[in-house]
Amino acid sequence: MHSLNAPLLIKHQKSAHIALSSSLGSLILTVLLCMGLTGFVAAEESSAKKGEFLGAMDTVYPDWFKVSFMELEEDVAEAAAEGKRLMLLFHQDGCPYCNAFVEKNLAQKDIEDTLKTKFDVIEFNMWGDREVVSVEGKTYTEKEFAKALSVQFTPTVLFLTEEGQLALRLNGYYGPDRFRHVLDYVSNKMEGEQTFTDYLESRTEPASSKTLINREYYTGPITDLTNRSGKGDKPLLLLFEQGSCKNCETLHDKVMSQPESQELLSRFDVFQVDMWGRDSFETINGSKLTGREWAKELGVNYAPTLILFDADGTEVIRSEAFFKSFHVQSMMDYVTSGSWREQPSFQRYISARADEHREEGKTVNIWD
């Protein structure tokens, strides 16, 4: 009997085993499917949480710009033969400041006419690969050329003399009114007579220092920077300003008032300098100068200009044109985080910072 029932028992055991295996298989499959769906949903949620990127603008550059073979010695000579000077414009894709330069500045007929009659304008993509031969005869790609010239912002504009020397450089966007002064200064070849700062002083009425904007984040009145409280521990931020300054008001009311800006400012010793002031003080290197003397020595010709130093007083970067919140905050973070020591390109740094913010679910608006 045992021998007769053994196959049946084995059959039942096999059936039970198959049923159990089938049940386990179904359970495992269900679990795996659920896990897969959960992962898919999580991935979707993660993707959905990535912050937006706003403010980038496409720009079409004027067809009256010079079509150049990018051999700058020849371009300088050709411009000089026509009684013109050469203007080099560095830009990048999506740059809202470049867009403002084209659509606000170059849209002004008097500015366009001045550029057409007195300059040859050549545009460069700071990340481009077109071949460029410098005035000195050295061959670069566009991005190598931008790096060699330490282009940190766009637009960056270089005006060259008839000999191919630098007449004036703009690191960032100037509005139409200030840009008109630039064109007058360069087209009339005044760089040999006076600095651009002196030129501006002679043509504008410096406002009274009594109207300078006062804010609670200033470390104190500027008297002796050699003995500032945070020397050696905190980086230094200098704000060169003037009275009755619309751009200064915008900086303080729209940019520095933001919580993120306030937190970044707390990491600095912050001092305000009257760029036309006549009161003297000790500068970071121990010289006794007035505000206007120091502004001239440092080449400050835009209000507000922000100059950022490390804790030991070495200049790291400066903002000397019109910039909005994300760029100003990124400059402050660039210094306080120490990122400038590892990444010399501010543009690469700010791009990486924008990506990090978006991965954290934050919206990045480069034109807010």
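Each value in this text was obtained by applying a stated rule to the coordinates, not by laboratory testing. What you see is a predicted model, and the numbers here were worked out from it, not measured in a lab. Glycine gets a Cβ as well: all are built from the backbone with ideal geometry, and neighbour counts include every protein chain shown.
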key: Highest-MSF residue in the chain out of Lys296, Lys49, Lys231 [GNM, Cα springs under 10 Å]   = Lys49
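What net charge is computed for the residues neighbouring Leu289, neighbours being all others with C-beta under 14 Å from the C-beta of Leu289, Lys and Arg scored +1, Asp and Glu -1? Could the numbers behind the result be given before it?
Numbers: positive: Arg278, Lys288, Arg292, Lys296; negative: Asp224, Asp274, Asp279, Glu282, Glu293, Glu297.
Here the count lands on -2.
I want the antiparallel fraction of DSSP beta bridges within the chain, as a percent rounded to 5. Could you put the intermediate results ahead of the total?
Working: 26 of 43 bridges.
Of those bridges, close to 60 percent are antiparallel.
If each DSSP helix of 4+ residues adds -39,500 (n - 2.57) and the sum is divided by the residues in the chain, what number results at 222 nm, nearest 500 deg cm²/dmol? Walk me through the numbers on the way to the answer.
Details: 13 runs with 150 residues, N = 368.
It comes out at -12500 deg cm²/dmol, rounded to the nearest 500.
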task = Classify the stretch 72-193 as rounded, prolate or oblate from the Cα gyration tensor: take a ≥ b ≥ c as the square roots of its eigenvalues, call it rounded if a/c is under 1.5, otherwise prolate when a/b beats b/c and oblate if not.
result = oblate
message = Give me the one-decimal nm value for the distance between modelled label points at Thr226 and Asp129, 7 Å along each residue's Cα-to-Cβ direction.
response = 5.4
inquiry  = On a full-extension model of 0.36 nm per residue, what is the gain between Asp279 and Ala81, subtracting their alpha-carbon distance, rounded to one decimal in nm?
reply    = 66.5 nm
Cα centroid separation - the stretch 59-104 against the stretch 313-365, whole Å = 27
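Let a ≥ b ≥ c be the square roots of the eigenvalues of the Cα gyration tensor of the stretch 209-365; is it rounded (a/c under 1.5), or, if not, prolate (a/b larger than b/c) or oblate?
Judged from the Cα gyration tensor, the stretch 209-365 comes out prolate (a/c at least 1.5, a/b above b/c).
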key: Pairwise Lys count, the stretch 209-365 - Cα closer than 29 Å, eight or more residues apart or different chains   = 25
Qualifying aspartates and glutamates (Cα of each under 12 Å from Cα of Lys84; at least 8 residues distant if same chain) = Asp75, Asp120, Glu162, Glu163
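Rounded to the nearest 5, what % of DSSP beta bridges with both residues in the stretch 37-191 are antiparallel? Intermediate results must be reported in sequence, preceding the final value.
Working: 13 of 21 bridges.
If I count the DSSP bridges inside the stretch 37-191, around 60 percent turn out antiparallel.
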message = Taking 41 Å as R0, compute the FRET efficiency from the Cβ-Cβ separation of Asp63 and Asp233 and round it to 0.05.
response = 0.15
remark   = Among [x] 30.3, 123; [y] 20.4, 69; [z] 19.4, 57, the entry matching Rg and Dmax of the Cα atoms in Å as calculated here is [x]
